[in-house]
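Everything below concerns the one structure shown next.
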Amino acid sequence: MRVKKAVIPAAGLGTRFLPATKAMAKEMLPIVDKPTIQFIVEEALNSGIEDILIVTGKAKRPIEDHFDSNVELEMNLKEKGKTDLLKLVEETTDVNLHFIRQSHPKGLGDAVLQARAFVGNEPFVVMLGDDLMEDRVPLTKQLMNDFEKTHASTIAVMRVPEEDTSKYGIINPGEEVSKGLFNVKNFVEKPKPEEAPSNLAIIGRYLLTPEIFEVLAKQKPGAGGEIQLTDAIDTLNRTQRVFAHEFNGKRYDVGDKFGFMTTSIEYGLTHPEIKVKLKDYIIALGKELSNEAKPKK
Ligand code: G1P
């Protein structure tokens, strides 16, 4: 069966970006000029996904409007002959988006459970908005390619520094059935480094079989008192095989201020409009900062 549906949980409160996120969804914060959620939607579309469900909290309107047409703006740009901007604005229109609200934020597992009726009895992908991925083949498509061979749930993982295991879901890799594809033994959410079974961390892209919903419906709260998707996947793994796919591309974590800043800088350095100026600025700033760092004679 082909994977056609994606679920993007976007119901978090965005507390790491307050006050910016007091009245605005965190997913609308731009990297230079593109809201982070647009990167995720583009990855889904570039992977061949046809329908996307966004599980939102309070501030869903701006997300909905962003992927809708804006007739007034389009007419204005047309009249002024700003064809490049018009193209940019039109690129985000006509995506098959669906929305559902998660009334109480009870954790990632609960957010995914809200997608049960939308997904039905099909395999689907979950894409987390804090992780932006870059590779020749989109990571979601890589998971879909694995699924064609295994017909099993497959979770994207990446090696992280050992001291960081408590920030992630961690896998106990088990047998490597083909290069970078592990038949996972078990999954642990946010283990301390001394308890972590490896340093292979779950990185925000999941391909799941629909049986996950039966498990999620019964899932008790886990780490942090939240209903954890990782715990449900661990239970699923007892009745059907679950694989992990090691990602070799580049991951940008835009979930905290530091990652958001570094991603903005790196993306800016590839942006046609500003890359030359930004590079010159960074070089000059670097010189200034290293002079400041030198001990005074
Ligand atoms: C979530 C998942 C975790 C995963 C991480 C990836 O955690 O629960 O298993 O490793 O996303 O970004 P969160 O970052 O929401 O705390």
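The values are calculated or read from the model by the stated rules, or taken from the named source; none is laboratory data. Because the structure is predicted, anything quoted here is derived from the model rather than measured. Neighbour counts are summed over all protein chains in view; Cβ atoms, including those assigned to glycine, are modelled from backbone coordinates with ideal geometry.
For (1) buried (at least 22 other Cβ atoms within 10 Å of the Cβ); (2) at pLDDT 95 or above; (3) in a loop (DSSP other than H, G, I, E, B), each residue gets a yes or a no:
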| position | (1), (2), (3) |
| --- | --- |
| Glu176 | no, no, no |
| Ile203 | yes, yes, no |
| Tyr206 | yes, yes, no |
| Pro210 | no, yes, yes |
| Thr235 | no, yes, no |
| Thr262 | no, yes, no |
| Ile265 | no, yes, no |
| Val276 | no, yes, no |
TODO: Of all residues in the range 260-297, count the ones that are closer than 20 Å to Gly129 by Cβ and free of Cβ contacts under 8 Å to residues at least 60 places away in the same chain.
DONE: 4
TODO: Scan (1) within 14 Å of the ligand (Cβ to nearest atom); (2) within 22 Å of the chain's Cα centre (by Cα) for the single condition Pro197 breaks and write down its number.
DONE: (2)
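Quick check on the range 153-163. Is at least one of its residues within 13 Å of the ligand (Cβ to nearest atom), at pLDDT 95 or above and basic (Lys, Arg)? Outline the logic, then answer.
To start, the set of residues in the range 153-163 that are within 13 Å of the ligand (Cβ to nearest atom) comprises 155-160.
Pick out the ones that are also at pLDDT 95 or above and you get 155-160.
Now restrict to residues that are basic (Lys, Arg): 159.
Scanning the range 153-163 turns up at least one residue that is within 13 Å of the ligand (Cβ to nearest atom), at pLDDT 95 or above and basic (Lys, Arg).
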TODO: Taking the residues in the range 136-152 that are at pLDDT 95 or above and polar (S, T, N, Q) as candidates, determine which candidate is nearest to Lys4 (Cα to Cα).
DONE: Thr140
Task: Residue list for the range 224-234, restricted to those being more than 29 Å from Arg136 (Cβ to Cβ) and either in contact with a strand residue (DSSP E or B) (Cβ under 9 Å, 6 or more places away or on another chain) or within 12 Å of the ligand (Cβ to nearest atom) (or both) - done: Gly224, Glu226, Ile227, Gln228, Asp231, Ala232, Asp234
Open item on the list: Looking at Leu113, Leu13, Leu18, Leu108 in this structure, which one is surrounded by fewer than 18 Cβ atoms within 10 Å (Cβ to Cβ), within 16 Å of the ligand (Cβ to nearest atom) and under 21 Å from the mean Cα position of the chain (by Cα)?
Closed with: Leu13
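Output the residues belonging to the range 117-137 that are touching a Lys or Arg at 6+ places or on another chain (Cβ under 9 Å) and part of a loop (DSSP other than H, G, I, E, B). So that I can check it myself, show each step before the final result.
First pass over the range 117-137, keeping only residues touching a Lys or Arg at 6+ places or on another chain (Cβ under 9 Å): 118-120, 122-135.
Across the range 117-137, the qualifying residues are Gly120, Glu122, Pro123, Leu128, Gly129, Asp130, Asp135.
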Open item on the list: Any residue in the range 188-204 that is closer than 19 Å to Gly129 by Cα sitting within a Cβ distance under 6 Å of a residue that is near the ligand (Cβ under 6 Å from one of its atoms) and of a type in the set (Ser, Thr, Tyr)? List the pairs, counting only those 6 or more apart or interchain.
Closed with: Glu189/Thr230; Ala201/Tyr168; Ile202/Tyr168
TODO: Please name all residue pairs, on different chains or six or more residues apart, with Cβ atoms under 8 Å, provided the first residue is in the range 2-19 and is under 20 Å from Asp110 (Cβ atoms) and the second residue is of a type in the set (Phe, Trp, Tyr).
DONE: Lys5/Phe118; Lys5/Phe124; Ala6/Phe124; Val7/Phe118; Val7/Phe124
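Every residue, every condition in (1) surrounded by 15 or more Cβ atoms within 10 Å (Cβ to Cβ); (2) part of a helix (DSSP H, G or I); (3) at pLDDT 95 or above, yes or no:
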{"residue": "Phe213", "(1), (2), (3)": "yes, yes, yes"}
{"residue": "Leu216", "(1), (2), (3)": "yes, yes, yes"}
{"residue": "Ala244", "(1), (2), (3)": "yes, no, yes"}
{"residue": "Asn248", "(1), (2), (3)": "no, no, yes"}
{"residue": "Glu288", "(1), (2), (3)": "no, yes, no"}
TODO: With the checklist (1) closer than 20 Å to Leu139 by Cβ; (2) surrounded by fewer than 20 Cβ atoms within 10 Å (Cβ to Cβ); (3) out of contact with any helix residue (DSSP H, G or I) (no Cβ under 8 Å at 6 or more places or on another chain); (4) not hydroxyl-bearing (Ser, Thr, Tyr) in hand, flag the one item Gly48 doesn't pass.
DONE: (3)
Open item on the list: Name the single residue that is nearest to the ligand (Cβ to nearest atom) among those in the range 235-263 being small (Gly, Ala, Ser) and under 16 Å from the mean Cα position of the chain (by Cα).
Closed with: Gly255
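Considering only strands (runs of 3 or more DSSP E) fully contained in the range 1-116, which possess at least 1 residues that are of a type in the set (Gly, Ala, Ser)? If you could, list the steps in order and put the result at the bottom.
On the way: elements: 5-10, 51-56, 97-101.
In the range 1-116, 5-10 are the strands (runs of 3 or more DSSP E) which contain 1 or more residues that are of a type in the set (Gly, Ala, Ser).
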Task: Which numbered condition Leu97 misses (of (1) in contact with a Phe, Trp or Tyr (Cβ under 7 Å, 6 or more places away or on another chain); (2) more than 28 Å from Ser264 (Cα to Cα)) - done: (2)
Task: First in the range 157-172 and in a helix (DSSP H, G or I), second anywhere and within 10 Å of the ligand (Cβ to nearest atom), Cβ under 8 Å, 6 or more apart - done: Asp164/Ala201; Thr165/Lys190; Thr165/Ala201; Ser166/Lys190; Lys167/Val160; Lys167/Lys190; Lys167/Ala201
